[in-house]
Amino acid sequence: MDEEARTDNRCRGCGPQYEVTEQQIDRILLAPMFQDDTIVVSDQEYAQRLSLCDGCDKLMNKQTCLLCGCFIRVSAKYRNKSCPNISDRKWSAIV
């Protein structure tokens, strides 16, 4: 990624018309699947994952992972997801 894209905190593939708000992510997380303990991690594990991501230099705008493009608040909820940073994995899947 070029330095200009990192400095202005924009995704290089999407324009501002595709910006996802915290309220939209909140609505996603209200879906029934995110209430199923066989799919999601505990609240404690979720908070720990978010905390680890928060200190990562691959996190853009406190919501998007620059390595995989996922919304961290959504991805970190899934039991079967791992941090995509292979060289410095912050958290792992729970299987």
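The values are calculated or read from the model by the stated rules, or taken from the named source; none is laboratory data. These numbers come from a predicted model, not from an experiment. So basically every Cβ, Gly included, is an ideal-geometry build from the backbone, and we count neighbours across all protein chains shown. SASA here: full protein model, heavy atoms, side chains in, ligands and nucleic acids out. Shrake-Rupley method; radii C 1.70, N 1.55, O 1.52, S 1.80 Å.
Take the residues in segment 71-95 that are β-branched (Val, Ile, Thr) and free of Cβ contacts under 8 Å to residues at least 24 places away in the same chain, then tell me which one is least open to solvent (accessible area, probe 1.4 Å). Applying the filter and picking the extreme gives ILE72. Count of segment 35-48 residues, restricted to those that are open to solvent by 30 Å² or more (accessible area, probe 1.4 Å) and β-branched (Val, Ile, Thr), is 2.
Search segment 49-66 for residues being surrounded by 13 or more Cβ atoms within 10 Å (Cβ to Cβ) and part of a loop (DSSP other than H, G, I, E, B), and hand back the single one that is nearest to the chain's Cα centre (by Cα). If you could, list the steps in order and put the result at the bottom.
The first filter runs over segment 49-66 and keeps only residues surrounded by 13 or more Cβ atoms within 10 Å (Cβ to Cβ), leaving 49-50, 52-53, 56, 58-60, 63-66.
Okay, now just the ones that are also part of a loop (DSSP other than H, G, I, E, B), so 56, 58, 63, 66.
Details: CYS56: 11, LYS58: 10, GLN63: 6, LEU66: 9 Å.
Top of the filtered list is GLN63.
The residue pairs whose first member lies in segment 4-27 and is at pLDDT below 70, whose second member is assigned to a helix (DSSP H, G or I) and open to solvent by 80 Å² or more (accessible area, probe 1.4 Å), and whose beta carbons are closer than 8 Å, counting only pairs six or more residues apart or on different chains, are ARG10/PRO16; CYS11/TYR18. Please work out if GLU45 is within 23 Å of SER87 (Cα to Cα), of a type in the set (Asp, Glu) and at pLDDT 95 or above. So GLU45 fits the description; yes.
Scanning segment 28-42 for residues that are under 12 Å from ARG79 (Cβ atoms), without any contact (Cβ under 8 Å) to a residue 40 or more places away in the chain and in a loop (DSSP other than H, G, I, E, B) yields ASP36, ASP37, SER42.
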